[in-house]
Amino acid sequence: IKEMSMYHIEFSPSVEIQGLRRALIYQHRALLGGHVYDNAHSIYVMNKLPEDVMTVTSTSRENANYAIKFKYTRSILYTDAMFFTILNLIIRRSLKALNLQMVGRQYYDAEAAINVPEHRLQVWPGYLTSIRQYESDLLLNCDFCHKILCDKKMFLAL
């Protein structure tokens with residue numbers, strides 16, 4: 001990926017509920033292709049839409065009709081700082097989809113916790129990720145990390 005297109009989104013009538021906005025946009029996934037919605041008023045798509053200003057309609061579960069207007073804002077090249085922000089957002093959402101829990105800036109797998117009862121501790125395996133530009137390409141760095149937690153259940157059992 002060397003470039004993304006940014007579009008401003010307007011809903012008519014206005015939609016304040018994020019989940020509903022996301023569901024209305026999701027109905028047009030065939031048109032949008034790979035995209036990232038920022039939960040506000042912008043969407044980032046991998047391939048530019050056929051027109052700079054497009055209006056599509058969506059229907060909610062309650063059979064209410066909504067018009068969604070996509071207005072082309074700009075191209076984001078892979079050298080822009082915003083490009084890395086978007087890619088990091090994709091990585092974060094992917095880690096959440098794997099049921100990992102964010103602690104600080106890292107994601108940990110609580111389901112794979114290792115109990116150390118003699119020390120009343122738990123060790124959670126996790127991941128530290130970042131995306132940076134390296135020479136002329138992008139570099140995804142994924143490091144393994146661990147979080148050591150005091151096991152409160154063991155203290156309560158004493």
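Quick one: angle between helix 81-97 and the longest Cα principal axis of the chain, in degrees between 0 and 90, rounded to 10, please.
For 81-97 against the chain, the angle is about 60 degrees.
By average Cβ neighbour count within 10 Å, what is the ranking of 109-116, 38-45 from highest down?
With the highest mean Cβ count within 10 Å placed first, the list reads 38-45, 109-116.
Using a simple charge model, +1 on the beta-carbon of Lys and Arg, -1 on the beta-carbon of Asp and Glu, nothing else, what dipole does the chain show about its Cα centre, in debye to the nearest 20?
It comes to approximately 280 debye.
With the full set of protein chains in place, find how many percent of the accessible area of the chain is carbon and sulfur; take the probe as 1.4 Å.
The nonpolar share, carbon plus sulfur, comes to 53 percent.
Show me, for region 119-133, the HN-Hα J-couplings you get by feeding each phi into the Karplus relation (A = 6.51, B = -1.76, C = 1.60, θ = phi - 60°), rounded to Hz, glycine and proline as x.
Values per residue, Gly and Pro as x: 10, 6, 10, 10, 10, 9, x, x, 9, 10, 10, 7, 10, 9, 8 Hz.
Not counting ligands, DNA or RNA, and with a 1.4 Å probe, what is Cys142's accessible surface area in Å² rounded to the nearest 10?
Surface open to solvent at Cys142 totals about 70 Å².
Give the accessible surface of the chain per residue, rounded to a whole number of Å², with probe radius 1.4 Å and ligands, DNA and RNA excluded.
65 Å²
Calculate the all-directions average of the projected area of region 1-88's alpha-carbon convex hull, and give it in nm².
5.6 nm²
Under a no-solvent Debye model with one identical scatterer per Cα of the chain, what's log10 I(q)/I(0) at q = 0.14 Å⁻¹?
Values returned for q = 0.14 Å⁻¹ are -0.83.
The values are calculated or read from the model by the stated rules, or taken from the named source; none is laboratory data. All values reported here derive from a predicted model rather than from experimental measurement. Don't worry about glycine lacking a Cβ; one is built from the backbone with ideal geometry, like all the others, and counts go over all protein chains shown. For the accessible areas, the whole protein counts, side chains as well, though only heavy atoms, and no ligand, DNA or RNA atoms are used. Shrake-Rupley method; radii C 1.70, N 1.55, O 1.52, S 1.80 Å.
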